[in-house]
Number of protein chains: 2
Amino acid sequence: MDDDTATEILEATSRALCKHGYADLTLTDIADEADRSKAAIHYYYDSKENLFLEFLDFLYERYTAQLPAVDGGTPRDQLYTLLETALTDEEAAPAQEYQTALLEVTAQAPYNDAIQTRLVSFDDLLFERAREIITAGVEIGEFNETVEPAVAAEFLMTAITGAHTRRVAIDQPSERSYEAITQYAERHFLADGLSEATH
Amino acid sequence: MDDDTATEILEATSRALCKHGYADLTLTDIADEADRSKAAIHYYYDSKENLFLEFLDFLYERYTAQLPAVDGGTPRDQLYTLLETALTDEEAAPAQEYQTALLEVTAQAPYNDAIQTRLVSFDDLLFERAREIITAGVEIGEFNETVEPAVAAEFLMTAITGAHTRRVAIDQPSERSYEAITQYAERHFLADGLSEATH
């Protein structure tokens, strides 16, 4: 299949997922959304699961392509851009329906190694980028020297994941989580923030 | 129905949920687990959904009953007990299968107001308890006076939720999240922790 056809089917998967959720999604829904026959979709993918794994790879590539945009400015700026990308950006953290579908998929991870492997890759990708930024911030003295980059990055991953889940579970707006997490980072990481906090 | 029968059916629901997950769970599975006929279960509950809402209420009551145990010691001790209850205690945060089923249910919340209302109650209950503890800690000077109890409590809720999701998504052990979150609380809340961090 050429790249355009693949992208077209995967974009259709994304729209169909928002409309139907993961559990109810069928190859027919995706075919309808892509304006193709079900046979045409079946020609490329033998099951919803295989198409979906391809879709997760597609999201991963899109995410990877966005992260270099996090490179401008100081580590503090980079950390904010990273949090914004992970939490509020509509391309990386899109509509409520989409987050909901991704959470449905997440709940399948323990039963499906291929899905879990991909979720671990997403987590690793973001974790590594956060760890690099925090390490750089500590090195140049913008972040407090007592911050342990690996521990702090993992804690940020936990908070980002929680923000995504609470958005679905209790309809908590992403912006509010973004504020709470940046306020934490401000106090916890920044050398100035910390000394202000003690006076 | 008498209370014993109700409890028996709800305990059976819990076991059936761990075995089958939420999406595949049927009233027949629950009947099998409770060693009753499907008709007997249907006599009390007309649908899986109604039985499940009852089950969420049952979990909520059990959770409510556990929280007073968080009352001993200083606010710092109480916060640790709260985090332990939410993150590692096997009754409140039980087996992997159970967390997985609860995440499946969470992904239904946007489509089901009755489920969402219950998830909001769980979140509120834990949030309020955390906020009370942090407020008391700030008042007696055990926690740093610049900590804003509502913001800090909400951030803890986000981290606890993230720990539950990552446990399912990437098989991250709860103990590791517990350590990361308590380490954050230690540095962020405790008056001593903060001043140490700046020297």
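Worth a mention:
- Computed 3J(HN,Hα) for the range A:150-159, one whole-Hz value per residue from the Karplus formula 6.51 cos²θ - 1.76 cosθ + 1.60 where θ = phi - 60°, is 5, 5, 5, 5, 5, 5, 4, 4, 4, 5, glycine and proline marked x.
- 0 to 90° range, to nearest 10: angle between helix A:96-106 axis and chain A longest Cα axis: 80 degrees
- In straight-distance terms, cross-link reach from residue B:38 covers every one of the aspartates and glutamates whose alpha-carbon lies under 12 Å from its own, apart from those fewer than eight places away in the same chain; here that gives B:29, B:46.
- Cα gyration tensor shape of the range B:1-128, rounded if a/c is under 1.5, else prolate or oblate by comparing a/b with b/c: prolate
- Long-range HN-HN contacts of residue B:143 with modeled amide H, under 5 Å: B:138, B:191
- Rg/Rh (Cα only; Kirkwood hydrodynamic radius) as it applies to the range A:1-46: 0.94
- Cut-off 17 Å (backbone N to label point 7 Å along Cα→Cβ of residue B:62), residues of the range B:9-33: B:9-22, B:30-31, B:33
- With the helix formula -39500 (n - 2.57) applied to DSSP H stretches of n ≥ 4, chain B reaches a computed 222 nm mean residue ellipticity of -24500 deg cm²/dmol.
- Comparing A:32, A:124, A:46 in a Gaussian network model of chain A, where Cα atoms under 10 Å apart are tied by springs, the biggest mean-square fluctuation is seen for A:46.
- Cross-link partners for residue B:19 among the lysines, with Cα-Cα distance under 17 Å and sequence neighbours closer than 8 places in the same chain left out: B:48.
- Most fluctuating residue given options B:181, B:115, B:140, as computed from a GNM of chain B linking Cα atoms under 10 Å: B:140
- Per residue, the Cα convex hull of the protein assembly as shown amounts to 136 Å³.
- Karplus-derived 3J(HN,Hα) values for the range B:35-44, using 6.51 cos²θ - 1.76 cosθ + 1.60 with θ = phi - 60°, are 6, 10, 7, 4, 4, 5, 5, 4, 4, 8 Hz; glycine and proline are entered as x.
- Rg ratio (alpha-carbon, reference 2.2 N^0.38 Å) - the range A:56-197: 1.06
- Mean Cα-pair separation over length for chain A, i.e. relative contact order, pairs under 8 Å, 6 or more apart, %: 19 percent
- Reducing the range A:20-58 and the range A:135-181 to their Cα centroids gives an inter-centroid distance of 34 Å.
- Taking 0.36 nm per residue of separation and subtracting the Cα-Cα distance, full extension of the segment from residue B:112 to residue B:136 would add 5.0 nm.
- Residues in the range A:59-88 reached by a label modelled at residue A:14 [backbone nitrogen below 20 Å; 7 Å Cα→Cβ]: A:59-70, A:82-88
- Taking 17 Å as the cut-off, the amide N atoms of the range B:165-188 that come nearer than this to a point 7 Å along the Cα-to-beta-carbon line of residue A:150 belong to B:172-173, B:175-181, B:183-184.
Here, each number is a calculation from the coordinates, and none is a lab measurement. Keep in mind that what you see is a predicted model, and the values were worked out from it rather than measured. No Cβ is skipped: glycine too gets one built from the backbone with ideal geometry, and neighbour counts run over all protein chains shown.
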